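Quick notes on the structure that follows.
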Amino acid sequence: MRDVEPKLKPILSELDKKIATSAHADALPKARYEVLLRGMRVDIELFREANIPLETELAELDQKYNQTVGRMTVDFDGQTRTMPQMARLLEETDRSLRERAWKAIAARRLQDRDTIDDIYDKMLSLRHQIALNAGFPNFRDFQHRRFKRFDYTPDDCMRMHAAIEAHLVPIQRRLDAERAKALGLAPLCPWDLGVDVKGRKPLRPFEKADQLIDGCSRMFHAMGGGLGEMFDTMRAGDCLDLESRPGKAPGGYQYQRQHSRTPFIFMNAAGMHRDLVTMVHEAGHAFHSILSKGDPLVDYRNAPTEFAEVASMSMELLTLPYHGEFYGEDECRRAVRERLEKFPATMTWIATIDAFQHWIYTNPGHTRAQRTEAWRGLVKRFGNDISWDGCEDARDAQWQRQLHLFGMPFYYIEYGIAETGAIQMWMNARRDQSKALANYRKGLALGGSRPLPELFSAAGLRFELSSALMKELATEVDRELVGAGH
């Protein structure tokens, strides 16, 4: 970051200019090269040599954030545990245990609250300067341009927030009320959101990473469409780093290694159901990488995030009928319900985080107190129907655990757009799975070679941030939730 990238960036920009301004560029077949050239021209438009040292400093601050979070451990009941290992306890049926675990996690995070705020304040200042250097009034408008969002605007994002508020917040809060009633609790508290409402033990699909890999292989082979064969190619070549360990960076991701054209999946598995969800999610990204790896243009081996996440989120839903590789019949029903409940839960959180970023970057120079007040307003607008009495500090610092805010600003609404595609894919598969999987592969094979609406269309999906689509998807999922029981 200090010695290579700062010297490489100006060279890459000059190469982009030679291509984009070449007399031959306009003679290239438009259908093949228009996406590449329009993206390249945005990069040229935004490049400022003065921003290189600022971007280097931001990358180092992001590393500092990851190191701060990665070293967090909790001494709990005689054991030193990582945060993913502590999260297991939030699913336990013993409420006093859950409360102690949740408060221990919150207390540990709050120890680093000021450190993380310091990191974030420095990031905000650097990003505002980057935007000003590039001729933008604020970092939000700069970042939307840098992300090459040709097919939607910040105002469209605001409309999507409103659609989520109108159609999904009521479902989420009804589910919260049903949970409180089923658990016999008034009020519901933050440590009550992960436990099974019937008091059943947490879903534990595996103990060791090898069991997770073997089960996923069987599951993908059973689904058909060549998914099993693709998954098995990752069992060699150092493609998988799955288990949680002290000091390991947080989160999970899939990364395509362009020289070998093989995927790499990183995660922090601790034997929880959400680890199975993460595994199939990242496998979806890996399928995307494998299906598009043959394109000679490296840029086209990566799709826009809004569609890349369709590849992964769809797998969370399409694999649900095959969870028998990990669970019994009752547990499979629980897994289905949990994923459907994730739709309103995920979308309301996405709206919270994205709206938070819109406020943050259009209010440069704000104080920490003002930022906290803005966060509280968004929690009230989109949050769960729970009591934060006595836990207000943890609520106010809740945003600090969202790593996208630090290393990937404004990279979050894409998940919401992609979830609308994934729910559509699930609906299509319920009518005709073979056709849905064929369309899935067809869309993924295009990589990033076509504009976003065309990628959605190739996969048999609509690209919309509209209230009408949100209402349609909310109605379908809610109908299934009402009929599914627990």
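When Thr346 is tested against (1) out of contact with any strand residue (DSSP E or B) (no Cβ under 9 Å at 6 or more places or on another chain); (2) surrounded by 23 or more Cβ atoms within 10 Å (Cβ to Cβ), exactly one condition is not met: (2). Candidates are the residues of the range 218-238 that are surrounded by fewer than 17 Cβ atoms within 10 Å (Cβ to Cβ) and touching a strand residue (DSSP E or B) at 6+ places or on another chain (Cβ under 8 Å); the one that is nearest to Met315 (Cα to Cα) is Thr233.
At least 2 residues that are in contact (Cβ under 8 Å) with a residue 60 or more places away in the chain and of a type in the set (Ser, Thr, Tyr) in each: list the helices (runs of 4 or more DSSP H) lying fully within the range 401-447 that qualify.
Numbers: elements: 404-407, 413-431, 433-445.
Correct list: 433-445.
So, Ile290, is that one closer than 28 Å to Val35 by Cβ, within 15 Å of the chain's Cα centre (by Cα) and either part of a helix (DSSP H, G or I) or not aliphatic (A, V, I, L, M) (or both) or not? Criteria not met by Ile290. Residue pairs whose Cβ atoms lie under 6 Å apart, sitting 6 or more positions apart in sequence or on different chains, and linking a residue in the range 154-170 that is farther than 18 Å from Ala418 by Cβ and of a type in the set (Asp, Glu) to a partner that is outside any helix (DSSP H, G or I) and at pLDDT 95 or above, do not occur here. Give me the residue from the range 241-287 that is in contact (Cβ under 8 Å) with a residue 60 or more places away in the chain and assigned to a strand (DSSP E or B) and, out of that set, nearest to the chain's Cα centre (by Cα). Out of the qualifying residues, it is Asn268. Evaluate the range 132-153: report whether one residue or more is at pLDDT 95 or above, assigned to a helix (DSSP H, G or I) and among the β-branched types (Val, Ile, Thr). No, the conditions are met nowhere in the range 132-153. Scanning the range 321-330 for residues that are surrounded by fewer than 18 Cβ atoms within 10 Å (Cβ to Cβ) and part of a helix (DSSP H, G or I) yields a total of 4. Check whether at least one residue in the range 175-186 is loosely packed, with under 13 Cβ neighbours inside 10 Å and not in a helix (DSSP H, G or I), and report yes or no. Within the range 175-186 (the criterion being loosely packed, with under 13 Cβ neighbours inside 10 Å and not in a helix (DSSP H, G or I)), the answer is yes, since at least one residue qualifies.
Being within 22 Å of the chain's Cα centre (by Cα) and either part of a loop (DSSP other than H, G, I, E, B) or small (Gly, Ala, Ser) (or both) is the filter here, so list the residues in the range 187-202 that pass it. Break it down into steps so the answer makes sense when it comes.
From the range 187-202, those within 22 Å of the chain's Cα centre (by Cα) are 190, 193-194; that's our starting set.
Matches in the range 187-202: Leu193, Gly194.
Farther than 21 Å from Glu338 by Cβ, free of Cβ contacts under 8 Å to residues at least 40 places away in the same chain and charged (D, E, K, R), is that true of Lys293? Yes, satisfied.
Could you list all residues from the range 343-394 that are touching a residue at least 24 places away in the same chain (Cβ under 8 Å), part of a helix (DSSP H, G or I) and not hydrophobic (A, V, I, L, M, F, W, C)? Of everything in the range 343-394, those that are touching a residue at least 24 places away in the same chain (Cβ under 8 Å), part of a helix (DSSP H, G or I) and not hydrophobic (A, V, I, L, M, F, W, C) turn out to be Pro344, Thr346, Thr348, Thr352, Asp354, Gln357, His358, Tyr361, Arg368, Thr372, Arg381, Asp393.
The values are calculated or read from the model by the stated rules, or taken from the named source; none is laboratory data. Computed from a prediction, not measured in an experiment: that's the story for all the values here. In this analysis, Cβ positions are derived from the backbone assuming ideal geometry, glycine residues included, and neighbour counts consider all displayed protein chains.
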